[in-house]
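The values are calculated or read from the model by the stated rules, or taken from the named source; none is laboratory data. What you see is a predicted model; the values in this text were computed from it and never measured. With ideal geometry, Cβ positions are generated from the backbone for all residues, glycine too; neighbour counts draw on all protein chains shown. Accessible surface areas use protein heavy atoms only, side chains included; no ligands, DNA or RNA. Shrake-Rupley method; radii C 1.70, N 1.55, O 1.52, S 1.80 Å.
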Amino acid sequence: MTTKRHFIKQFFKEKKTVGAIKPSSKFLGKKMLQHVDFEKDKIIVELGPGTGVFTDLIIEELAEDAQLYVFELNDHFFEVLNKRINDPRVHIIHDSAEHIQKHIENHLKVDAVISSLPLMNFPSKLRHALVTEAHDCLSDNGKFIQFQYTLQSKRMLSKYFNSISINFTFKNLPPAFIYTCLK
């Protein structure tokens with residue numbers, strides 16, 4: 001079964017946690033990562049990687065002494081990523097994004113969190129718990145980068161972050177807003 005067919009199957013099976021009918025585009029991934037400084041950012045977290053489109057782009061740029069923590073709750077996507085990615089800098093974690101700090105070695109602060117989580121699909125309590133955890137694990141100059149298909153998340157994110165910039169791209173199906181939030 002192709003990656004796209006697997007993704008569609010997971011979308012219909014897990015609509016609350018899989019937010020799109022197909023994987024994100026590499027173009028969206030590159031837009032998401034344009035504010036990550038791969039020379040300076042040594043601890044990076046990815047939330048909800050799905051099939052790993054952004055994961056692969058991050059690994060291509062990841063410094064030799066950096067660490068990438070990838071959180072995937074969906075059983076199928078976790079198994080696919082865990083089998084496919086064999087890089088000592090990458091930790092594939094089968095757990096909720098609510099538990100980031102529990103999995104970061106030596107409880108180091110995170111330089112960047114890259115999130116593909118469909119925040120607005122989640123109940124309010126879970127949505128706030130996820131964003132709180134992402135915010136709290138970040139270093140003082142850390143970045144939380146999130147894409148969404150609407151602007152609904154702006155008000156909620158502004159409660160947690162000092163600065164938010166929003167970009168938009170048509171080069172994804174559906175088109176997407178990219179929030180870059182600074183602590």
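Simple rule: put +1 on each Lys or Arg Cβ and -1 on each Asp or Glu Cβ in the stretch 30-143, find the dipole, and look at H135, Q34, N86; the Cα lying farthest toward the positive end is H135.
Of H107, H35, the residue with the largest accessible area leads and the full order is H107, H35 (1.4 Å probe). Taking each of K40/K154; K40/K125; K26/K159; K125/K171; K109/K143 in turn, the alpha-carbon distance tops 23 angstrom for K40/K154; K40/K125; K26/K159; K125/K171. Restricting the GluC sites (Glu not before Pro) of the stretch 23-95 to loop positions (DSSP other than H, G, I, E, B) with no more than 15 neighbouring Cβ atoms within 10 Å leaves E39, E64.
Estimated from helices alone, the mean residue ellipticity of the chain at 222 nm is -9500 deg cm²/dmol (sum of -39500 (n - 2.57) over DSSP H runs with n ≥ 4, per residue).
How many percent of the accessible area of the stretch 91-183 is carbon or sulfur, using a 1.4 Å probe? Result for the stretch 91-183: 53 percent of the exposed heavy-atom area is carbon or sulfur. Ellipsoid fit via the Cα gyration tensor, the stretch 94-183: semi-axes of 22, 15, 13 Å, each the root of five times an eigenvalue, largest first. Which residue fluctuates most in the GNM of the chain (Cα springs below 10 Å): L108, L157, L68? Maximum fluctuation in the GNM of the chain, among the listed residues, is at L108.
Cα convex hull, the chain: 106 Å³ per residue, rounded to a whole number.
To the nearest 10, the accessible area of K26 is 130 Å² with a 1.4 Å probe.
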